[in-house]
Amino acid sequence: MTLAILPSSNATVNPAHHAISEEVHAQNRAGDIIPSVPVERIVALRESGVDDFMKGIALLQAAQKKFMEAAGRDWFSGMGNIVQTALAGSAGEKEAGHARRQVCSAADRDIWVKLMRDTGMFTLMSGKQRTQWDNELYSENCPELTLDNVLATFRELNASKDKTFELGVIDVFRSLSWDYKTNNPRYLGKRIIINGVVSDFQGKHFSVRTDGQDKINDLARPFWVLDNKPVPDFRVSEGANLSEFIQQGGSDSLGEVLTCEYFTIRAFKKGSAHITFTRPELVDQVNDIIARHYPGALPAA
C-alpha cells in the first residue's frame, strides 16, 4: 500500500528541496506537531547507504569468485554465515579481526585441499592419514595460507613423502591384516579377507558400505603407486566399482568375481570381501615395506 503523503515511484521530485526544508522548519516554529528534521541529510544518507550496500555486494561477489577460483571449485560455502556474523557484531578492531579469521579459514581449507590433491600428496596417504590431516585442517589451528607457509609445508611433505607412503601402507595392513598372536601385521599372501564391506537391509537389499569402499581403495592405492600409475579418482576406484557391481547385480552378484587392476573381489552376504591378488611382484614389494617396519612379520626365508 502506498501512503498518500508519500510520492509515488513515478512522481517527479521538486528539485527545490531547500524550500521543503524551510517549510518544515516554518511549520515547526508555528507550533505544528511536525518536528524539525534535516531532510536533505536524511535523503543523502539513504542514497549513500544504498550505494555503499551495492558496492559491498559487488565486492563480496568478487571475493567469493576469487576464493572459488583459488580452490578450483564452482562454489564457496559459508560466505553468508560469515557476513551475517560480522554484521551482527560491533564495528571494533577485535570483531573485524574475528571476521577476517573466519573468512581466511574458510578459504584456506579449500585451497589447502586443492594443493594437496594437485601435488599428489593425497595419493600417498591412507584413509587414517587423510583423516588426521582433515582434523587438523578443520580445527582452530588451520595454518594460514601464506606463500611462506605453503613453501615450508610442501618442502617438509616432499622430504618425507617416502615415509608418508610407507606409513600409509602400514596403516592399511594393520587394519586389514592384523595378527593378534604376534601383535604384528601379517605379510600379504595370495589372498586376504576384509570384513565389514557389505551391508544389507532385511537380508534382501545389499550394498557396499562407505567405509568398506574406503578399505578397498586403501588396499589398492599402494599397488597403483608402486606400479608408477596414477591413483584413480574415488568415483571410478575399486571401491566404487564394487559398489556399482553389487547395486546392479543385487544378491545374485554376491559370491561372483569382480576383476580389478591388481586383484579380484568376491563379496558375501555376511559382509566380508575376499581379495585375490593378481600381481605377485607388487605384493612382494608391499611385503618388503611391511618387513622394514615389522621385521618379525614375514616368515623365515
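The values are calculated or read from the model by the stated rules, or taken from the named source; none is laboratory data. Quantities reported herein were computed from a predicted structural model and do not represent experimental measurements. Counting neighbours? That spans all protein chains shown, and the Cβs are built from the backbone with ideal geometry, glycine included.
Look at the range 190-202 and say how many of its residues are in contact (Cβ under 8 Å) with a residue 40 or more places away in the chain and over 22 Å from Ser237 (Cβ atoms). Break it down into steps so the answer makes sense when it comes.
Pass one, the range 190-202, residues in contact (Cβ under 8 Å) with a residue 40 or more places away in the chain: 190-200.
Pick out the ones that are also over 22 Å from Ser237 (Cβ atoms) and you get 190, 200.
Final tally of qualifying residues: 2.
Does any residue of the range 264-272 turn out to be of a type in the set (Gly, Ala, Ser) and within 29 Å of Asp118 (Cα to Cα)?
Looking only at the range 264-272, we keep the residues that are of a type in the set (Gly, Ala, Ser), and these are 267, 271-272.
Adding the requirement that they be within 29 Å of Asp118 (Cα to Cα) leaves none.
Among the residues of the range 264-272, not one is of a type in the set (Gly, Ala, Ser) and within 29 Å of Asp118 (Cα to Cα), which makes the answer no.
What do you reckon, is Ala220 buried (at least 17 other Cβ atoms within 10 Å of the Cβ) and in contact with a strand residue (DSSP E or B) (Cβ under 6 Å, 6 or more places away or on another chain)? Steps first, answer last, please.
Numbers: buried (at least 17 other Cβ atoms within 10 Å of the Cβ): yes; in contact with a strand residue (DSSP E or B) (Cβ under 6 Å, 6 or more places away or on another chain): no.
So Ala220 fails the test.
Identify, from the list Lys204, Lys190, Lys163, Lys215, the residue that is closer than 30 Å to Ala70 by Cβ and of a type in the set (Lys, Arg).
On the way: Lys204 fails: closer than 30 Å to Ala70 by Cβ; Lys190 fails: closer than 30 Å to Ala70 by Cβ; Lys215 fails: closer than 30 Å to Ala70 by Cβ.
On inspection, the qualifying residue turns out to be Lys163.
Does at least one position in the range 232-250 carry a residue that is surrounded by fewer than 14 Cβ atoms within 10 Å (Cβ to Cβ) and touching a residue at least 40 places away in the same chain (Cβ under 8 Å)?
Scanning the range 232-250, I find at least one residue that is surrounded by fewer than 14 Cβ atoms within 10 Å (Cβ to Cβ) and touching a residue at least 40 places away in the same chain (Cβ under 8 Å), so the answer is yes.
Could you please find all residues in the range 75-97 being out of contact with any helix residue (DSSP H, G or I) (no Cβ under 6 Å at 6 or more places or on another chain) and either at pLDDT 95 or above or within 18 Å of Arg109 (Cβ to Cβ) (or both)?
Kept after step one, since they are out of contact with any helix residue (DSSP H, G or I) (no Cβ under 6 Å at 6 or more places or on another chain), are these residues of the range 75-97: 75, 77, 80-81, 83-85, 87-88, 90-97.
Of everything in the range 75-97, those that are out of contact with any helix residue (DSSP H, G or I) (no Cβ under 6 Å at 6 or more places or on another chain) and either at pLDDT 95 or above or within 18 Å of Arg109 (Cβ to Cβ) (or both) turn out to be Trp75, Ser77, Gly80, Asn81, Val83, Thr85.
Report yes if some residue within the range 279-294 is buried (at least 16 other Cβ atoms within 10 Å of the Cβ), over 23 Å from Thr164 (Cβ atoms) and hydrophobic (A, V, I, L, M, F, W, C); otherwise report no.
Among the residues of the range 279-294, not one is buried (at least 16 other Cβ atoms within 10 Å of the Cβ), over 23 Å from Thr164 (Cβ atoms) and hydrophobic (A, V, I, L, M, F, W, C), which makes the answer no.
Only one of Phe223, Phe206 is in contact (Cβ under 8 Å) with a residue 24 or more places away in the chain, within 25 Å of Arg117 (Cα to Cα) and not acidic (Asp, Glu). Can you tell me which?
On the way: Phe206 fails: within 25 Å of Arg117 (Cα to Cα).
Answer to the check: Phe223.
Would you mind listing the helices (runs of 4 or more DSSP H) fully within the range 62-180 where at least 2 residues are charged (D, E, K, R)?
Values: elements: 79-88, 93-118, 127-137, 147-159, 161-176.
The qualifying helices (runs of 4 or more DSSP H) are 93-118, 127-137, 147-159, 161-176.
Condition check ((1) more than 26 Å from Ile170 (Cα to Cα); (2) modelled with pLDDT under 90) across all residues:
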residue: Phe206; (1), (2): yes, no
residue: Asp211; (1), (2): no, yes
residue: Ala220; (1), (2): no, no
residue: Phe234; (1), (2): no, yes
residue: Glu244; (1), (2): yes, no
residue: Leu254; (1), (2): yes, no
residue: Thr259; (1), (2): no, no
residue: Tyr262; (1), (2): no, no
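Sort through Leu145, Leu176, Leu151 and tell me the only one that's modelled with pLDDT under 90 and either under 20 Å from Val286 (Cβ atoms) or assigned by TED's automatic domain parsing to the domain that holds Asp118 (or both). Walk me through how you get there before you give the answer.
Details: Leu145 fails: modelled with pLDDT under 90; Leu151 fails: modelled with pLDDT under 90.
When all the criteria are applied, what remains is Leu176.
Could you tell me whether any residue of the range 2-10 is assigned to a helix (DSSP H, G or I), surrounded by 10 or more Cβ atoms within 10 Å (Cβ to Cβ), modelled with pLDDT under 95 and not polar (S, T, N, Q)?
Start the filter on the range 2-10 by keeping residues that are assigned to a helix (DSSP H, G or I), which leaves none.
Checked the range 2-10: no residue is assigned to a helix (DSSP H, G or I), surrounded by 10 or more Cβ atoms within 10 Å (Cβ to Cβ), modelled with pLDDT under 95 and not polar (S, T, N, Q).
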